[in-house]
Amino acid sequence: METVILAVVIAVVVLAVLGGLVVGSRRKKPLPPPPPAAPDITAPPAEPHVGDEAETPREEPRRTIEEVDLPDGGPAGVVVEEPPAVEAPEIEIPEPTAGRLVRLRARLSRSQNALGKGLLTLLAREHLDDDTWEEIEDTLLTADVGVLPTQELVDRLRERVKVLGTRTPEELRGLLREELLKLVGTDVDRTVRTEPEDRKPGIVMVVGVNGTGKTTTTGKLARVLVADGRTVVLGAADTFRAAAADQLQTWGERVGAHTVRGPEAGDPASVAFDAVKEGKEMGVDVVLIDTAGRLHTKTGLMDELGKVKRVVEKHAPLDEVLLVLDATTGQNGLVQARVFAEVVDITGIVLTKLDGTAKGGIVVAVQRELGVPVKLIGLGEGADDLAPFEPEAFVDALIGE
């Protein structure tokens, strides 16, 4: 009996131990993670439209087409903006040419009368010895009068002063004025020939080196002619200088003159030919041809200038060939004048920038060199500062009042 009880107790103990081992092993094993919760799904933000902020659009009250106030003229449509109208340039009325140099005399006098005042001061000395006469010669040469004209003027002054004896300032001024007028010349025809008797239009060709104001002078001459009641066509035959045609056309538009131009670096003779042709068809009074003015030392370019002249004369003879010279270049301008005179027959001279130097004697020197008169002078940068040359007014500006 005791043996049976002992066996039962041992069996119970063994079962209890085995049950504890099983429970312990289960507690040591980690439990599997719980399944992930389903994420909350939200709608993506709406993309903004043109003009909207980058945020979710909000419901806003909408109006129908009937509720919207429309401007007069029907329902709103696409507004097409018309391009702004290009306004035609305003036509200017140039200043009359009559007495233009007289009105500009004060400006000329301020910059030129160093020559006249210098001569009057020297002539007013009590004793006019050889040194004084040498100073007078130097004054004239510095003013670019030229060697031979200077010698002639000094010889005449010496003779007349010796005869005159006592000299008052008024007598000296009158004496100097007479001799300078003889030197400049008062019996020369200085009219710019633009009115041939047997035909229309008059043809004027303008030549000169770049930088002398040639294109500007052509434009100003157009203003002079328009101011005198003439109609003008401009020929932009300077096809090699950038913007030369644009510059000339601008001058023409300001006074209502038509401009004939060709392609850049095109044939200048062709442009000149077309300008005269259109001038004849339009029945204008004058055709002004602006030519290329590159370095006069390049033979090929000077030949080209001769070609322009020959082509133009297939229509009609040239009435004027005006050479534009910069008055400030002095004797260098005479070198240019000689070369141009060999290629084309110069009929008149235009002196520009005469208000910026005291070397007014270039008027005398260039006339002696070419045997042709100064017909126009440029007295400033203004549009109406080109004036017909008047010897009396010029000499009065030189010696002052």
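The values are calculated or read from the model by the stated rules, or taken from the named source; none is laboratory data. On a predicted model such as this, the values are computed, not experimentally measured, just so you know. Reconstructed Cβ throughout: ideal geometry from the backbone, glycine too, with neighbour counts over all protein chains shown. Ligands, DNA and RNA are excluded from the accessible area calculation, which covers all protein heavy atoms including side chains. Shrake-Rupley method; radii C 1.70, N 1.55, O 1.52, S 1.80 Å.
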Subject >> Residue that is farthest from the chain's Cα centre (by Cα), among those in region 204-253 that are over 21 Å from Ile377 (Cα atoms) and assigned to a helix (DSSP H, G or I) >> reply: Glu253
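Being touching a helix residue (DSSP H, G or I) at 6+ places or on another chain (Cβ under 8 Å) and assigned to a helix (DSSP H, G or I) is the filter; apply it to region 131-146 and report the residue that is surrounded by the most Cβ atoms within 10 Å (Cβ to Cβ). Before you say what the answer is, go through the steps one by one.
Residues of region 131-146 touching a helix residue (DSSP H, G or I) at 6+ places or on another chain (Cβ under 8 Å): 132-133, 135-137, 139-141, 143-146.
Filter again for assigned to a helix (DSSP H, G or I), leaving 132-133, 135-137, 139-141.
Working: Thr132: 13, Trp133: 17, Glu135: 16, Ile136: 21, Glu137: 16, Thr139: 20, Leu140: 24, Leu141: 15.
Here the answer is Leu140.
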**OP:** Tell me, please, whether a residue that is under 24 Å from Asp326 (Cβ atoms) and touching a strand residue (DSSP E or B) at 6+ places or on another chain (Cβ under 8 Å) can be found in region 171-182.
**Re:** no
**OP:** Return a yes/no flag: does region 378-386 have any residue that is in contact with a Gly (Cβ under 6 Å, 6 or more places away or on another chain), open to solvent by 30 Å² or more (accessible area, probe 1.4 Å) and either without any contact (Cβ under 8 Å) to a residue 40 or more places away in the chain or farther than 22 Å from Val226 by Cα (or both).
**Re:** no
Subject >> Residue list for region 303-329, restricted to those being surrounded by fewer than 17 Cβ atoms within 10 Å (Cβ to Cβ) and either in contact with a Cys (Cβ under 6 Å, 6 or more places away or on another chain) or farther than 14 Å from Val339 by Cβ (or both) >> reply: Lys307, Arg310, Glu313, Lys314, Pro317
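Taking the residues in region 272-295 that are of a type in the set (A, V, I, L, M, F, W, C) and under 14 Å from Gly252 (Cβ atoms) as candidates, determine which candidate is most open to solvent (accessible area, probe 1.4 Å).
Let us first name the residues in region 272-295 that are of a type in the set (A, V, I, L, M, F, W, C), namely 272-273, 275-276, 282, 284, 286-289, 292, 295.
Still in the list and also under 14 Å from Gly252 (Cβ atoms): 275, 282, 284, 286-289.
Values: Ala275: 0, Met282: 104, Val284: 10, Val286: 0, Val287: 0, Leu288: 0, Ile289: 0 Å².
Looking at residues that are of a type in the set (A, V, I, L, M, F, W, C) and under 14 Å from Gly252 (Cβ atoms), I get Met282.
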**OP:** Please work out which residue is farthest from Asp144 (Cα to Cα), limiting yourself to region 175-208 and to residues that are loosely packed, with under 13 Cβ neighbours inside 10 Å and of a type in the set (S, T, N, Q).
**Re:** Thr191
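Just checking, how many residues over region 152-174 are assigned to a helix (DSSP H, G or I), open to solvent by less than 90 Å² (accessible area, probe 1.4 Å) and over 17 Å from Lys117 (Cβ atoms)? Steps first, please.
Initially, region 152-174 is screened for residues assigned to a helix (DSSP H, G or I), giving 152-164, 169-174.
Keeping just the survivors that are open to solvent by less than 90 Å² (accessible area, probe 1.4 Å) gives 152-154, 156-157, 160-161, 164, 169, 171-174.
Imposing the further condition that a residue be over 17 Å from Lys117 (Cβ atoms) reduces the set to 152, 154, 156, 160-161, 164.
Total meeting the criteria: 6.
Step by step: first the residues of region 209-231, then only those that are of a type in the set (Gly, Ala, Ser) and touching a residue at least 12 places away in the same chain (Cβ under 8 Å), then the one that is most open to solvent (accessible area, probe 1.4 Å). Which residue is that?
In the first step, residues of region 209-231 are kept if they are of a type in the set (Gly, Ala, Ser); the result is 211, 213, 219, 222, 227, 229.
From what's left, touching a residue at least 12 places away in the same chain (Cβ under 8 Å): 211, 213, 219, 222, 227.
Working: Gly211: 59, Gly213: 25, Gly219: 0, Ala222: 0, Ala227: 34 Å².
By that ranking, first place goes to Gly211.
Just to confirm my filter: which strands (runs of 3 or more DSSP E) fall fully inside region 282-401 and include at least 1 residues that are at pLDDT below 85? Before you say what the answer is, go through the steps one by one.
Working: elements: 286-290, 320-326, 348-352, 374-378, 386-388.
Because the criterion is at least 1 residues that are at pLDDT below 85, no strands (runs of 3 or more DSSP E) in region 282-401 meet it.
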